[in-house]
Amino acid sequence: MIRRALVAFGALVALGFLALPMIAIFARVSPAKLVAQLSNPVVTNALVVSLKTTVIAQVLILVFGTPAAYALARHFRGRGLLVTLVELPLVLPPAVAGIGLIAAFGRFGLLHTSIAFTQTAVVLAVAFVSSPLYVRAAIAAFETVDKNLVAASRTLGAGPVKTFFRIELPLARSGLAAGEALAFARGLGEFGATIMFAGSLPKVTQTLPLAVYSAFDVNFDVALAIGALLVVISAALLIILKWLASSSTSRFPFALSTSS
Amino acid sequence: MARLLLDFTLPLRAFDLELSLGVERTVALVGPSGAGKTSVLRVVAGLAQPSRGRVAFDGEDWTGRPPEQRRVGFVFQDYALFPHLSVRANVAYAGQVGDLLERLNIASLADARPGELSGGERQRVALARALARKPDVLLLDEPLAALDAHTKSQVRGELSELLRGIGLPTLLVTHDYEDAASLADEVGVLVDGRLRQLASPADLVAQPADAFVASFTGANLLHGIAHASQSLTEVQLEGGERVFSTDRGEGAVGVVVYPWEISVARAREDDSALNALRGEIGSVVEIGNRVRVRIGPVTAEVTSSSAARLELARGGVAYATFKATGTRLVPL
């Protein structure tokens, strides 16, 4: 009896703590206010920057991350080290990611580029912090493809390219999509590395999270409205992610609860 | 008919697989698991690269070619059907479907996914797919192992008929000697990467090259010490009994005697069978219209009616008798 009460109490505190900020946002922003703020140029500009940079970053992640994951799904000497390198940005503090990007691509950085404080810098920051989520999931997805099916495809006359597109990619698809949804969500919320490497210039590098931060000094209602918008987008992404995970035919690489 | 020629060495984890073999009709490689059987098929298909030697078909050197340039029809042990494609799409992946679905009696399953099929149906889809490749050589990995005992004998008959109808050089591997004997013209016994003997199923039984081949083909193997005695060889068995063989042998030998060469009696009879072993009946197992009886160290096969007439039951005592001419001696 006491044990059950303790469990119930702990669960209540945890769930309440996690839900309260979300509830608070929507308690202060009525749906009418939210819709009204959607025409505020601060919000629309940030939304455009966010969507544009996130989508470009995700395309880059898919184009370069997929072959990288495919290569890392094979076993070879030094593979563990490379996988750790790919995973490092996941555990890195965002500020370290930002300073690293400046050190590499900044005007006085290793590569001497003038990327910093442009929209390209936002794209790079988003790609840097979110690609590990996709690549990790993609490695696991490719690893679960039965090697016998690949061998069978080859003996049936298909070369490596046809085998990849007709067998391996379709069988890894749901795992890849789930990883991509996770990376998309992470990219949309990117803050620390972006503000250091790209700054927060409205219409250029000010994404939704950066707009929340700069609006909350000026107009708390605008900050709340953008916050509400991000909660809605993030929740939608999470639902898509869970749906992908539950419809997955292969073992899902992340331990997401899919109970409903 | 064109001929597949193998002569290669493939280093495996525990030993080197070394094989020299020509396949013209149907050859079955049998052996215990881990003998390197599947690796042979992988080398022929180009999925494994031998360290030495070559694979050639009809005078055309296949060595070093990738799998997609070898024209082999490989039926994997677990069939390796593509789970995201329908039966028809699986077959079409390899080439023209044509009348293959009808020939293999899977036309009604054309739109089903592999996950919905039974083991026998999957095998027919895998065969249809392999044939759609228009292969020069057919490779079958444990074609009957994934089936339950009930469907196995039926599928074995169908498969044997199909292989005869196709008329392609076929290399199959199995751990079951009976499957090998029923499907193949020639059977090779593979142990630890070496071919111990290659012969027709009948010759393998009649002239086993060594003790392993003998016991693998289902023979009784009795250990003993042989010494020549007049025109026969007398073998002192480990259990103390003596048996005679018309084969020549000296020193440590295995006496090979097949279950169907052994008669069973409840009392010592005076007949032409020189050898009689007295023993307790260990087991009585019915297999179709035959009964396998374990008497002491040997297994005999008798008809069901004989077993009933002799009232054979576990725990009783019986004599296993066999002629000296029904035995083979193999060196140990």
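The values are calculated or read from the model by the stated rules, or taken from the named source; none is laboratory data. Quantities reported herein were computed from a predicted structural model and do not represent experimental measurements. When we count neighbours, we look across all protein chains shown, and the Cβ atoms used for this are built from the backbone with ideal geometry, even at glycine.
What is the residue count in segment B:115-141 for residues that are in a loop (DSSP other than H, G, I, E, B) and surrounded by fewer than 20 Cβ atoms within 10 Å (Cβ to Cβ)? Before the answer, list the steps.
Initially, segment B:115-141 is screened for residues in a loop (DSSP other than H, G, I, E, B), giving B:117-118, B:133-136.
The next check asks that each one be surrounded by fewer than 20 Cβ atoms within 10 Å (Cβ to Cβ); those that pass are B:117-118, B:134, B:136.
Counting residues in segment B:115-141 that are in a loop (DSSP other than H, G, I, E, B) and surrounded by fewer than 20 Cβ atoms within 10 Å (Cβ to Cβ) gives 4.
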- Message: Taking the criterion of being in contact with a strand residue (DSSP E or B) (Cβ under 7 Å, 6 or more places away or on another chain) and within 14 Å of chain A (Cβ to nearest Cβ), would at least one residue in segment B:113-128 satisfy it?
- Response: yes
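When you go through B:330, B:291 one by one, which is the residue that is buried (at least 19 other Cβ atoms within 10 Å of the Cβ) and over 18 Å from residue B:243 (Cβ atoms)? Talk me through it step by step, then tell me what you get.
Working: B:330 fails: over 18 Å from residue B:243 (Cβ atoms).
The conditions single out B:291.
List the helices (runs of 4 or more DSSP H) that sit entirely inside segment A:75-191 and contain at least 1 residues that are within 30 Å of residue B:91 (Cα to Cα).
Details: elements: A:79-91, A:94-105, A:119-143, A:147-155, A:160-163, A:169-188.
Qualifying helices (runs of 4 or more DSSP H): A:119-143, A:147-155, A:160-163, A:169-188.
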- Item | Residues of segment B:50-90 satisfying the condition of being touching a Gly at 6+ places or on another chain (Cβ under 9 Å) and among the small types (Gly, Ala, Ser) | B:64
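Could you tell me which residue of segment A:14-32 is surrounded by the fewest Cβ atoms within 10 Å (Cβ to Cβ), considering only residues that are in a helix (DSSP H, G or I) and small (Gly, Ala, Ser)?
A:32
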- Query: Can you tell which of A:192, A:227, A:179 is of a type outside the set (Lys, Arg), touching a helix residue (DSSP H, G or I) at 6+ places or on another chain (Cβ under 7 Å), within 21 Å of residue A:140 (Cα to Cα) and in contact (Cβ under 8 Å) with a residue 60 or more places away in the chain?
  - Reply: A:179
- Query: Is one or more of the residues making up segment B:38-47 touching a residue at least 60 places away in the same chain (Cβ under 8 Å) and facing chain A (nearest Cβ under 8 Å)?
  - Reply: yes
- Task: Select from segment A:65-74 the residues that are assigned to a helix (DSSP H, G or I) and without any contact (Cβ under 8 Å) to a residue 60 or more places away in the chain and list them in ascending order.
- Result: A:67, A:71
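Having 1 or more residues that are modelled with pLDDT of 95 or more, buried (at least 19 other Cβ atoms within 10 Å of the Cβ) and in contact with a strand residue (DSSP E or B) (Cβ under 6 Å, 6 or more places away or on another chain) is the bar; report the helices (runs of 4 or more DSSP H) wholly within segment B:1-105 that clear it. Show your work before the answer.
Values: elements: B:37-45, B:87-92, B:100-103.
Fully inside segment B:1-105 and qualifying: B:37-45.
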- Got a sec? Which of B:171, B:162, B:147 is more than 14 Å from chain A (Cβ to nearest Cβ), out of contact with any Asp or Glu (no Cβ under 8 Å at 6 or more places or on another chain) and more than 21 Å from residue B:98 (Cβ to Cβ)? B:147
- Query: Just checking, which of B:263, B:306, B:245, B:231 is of a type in the set (Gly, Ala, Ser), more than 23 Å from residue B:216 (Cα to Cα) and surrounded by 13 or more Cβ atoms within 10 Å (Cβ to Cβ)?
  - Reply: B:306
- Inter-residue pairs, beta-carbon under 6 Å, first at positive phi and within 14 Å of chain A (Cβ to nearest Cβ) and in segment B:83-112, second surrounded by 15 or more Cβ atoms within 10 Å (Cβ to Cβ) and part of a helix (DSSP H, G or I), 6+ apart: B:95/B:132
- Mind listing whichever residues of segment B:56-68 are farther than 12 Å from residue B:3 by Cβ and either of a type in the set (Gly, Ala, Ser) or within 14 Å of chain A (Cβ to nearest Cβ) (or both)? B:62, B:64, B:65, B:66, B:67, B:68
- Task: Please give the strands (runs of 3 or more DSSP E) falling wholly within segment B:237-308 in which 3 or more residues are touching an Asp or Glu at 6+ places or on another chain (Cβ under 9 Å) and without any contact (Cβ under 8 Å) to a residue 40 or more places away in the chain.
- Result: B:290-295
- Item | segment B:167-178, residues that are closer than 21 Å to residue B:218 by Cβ and buried (at least 23 other Cβ atoms within 10 Å of the Cβ) | B:172, B:173, B:174
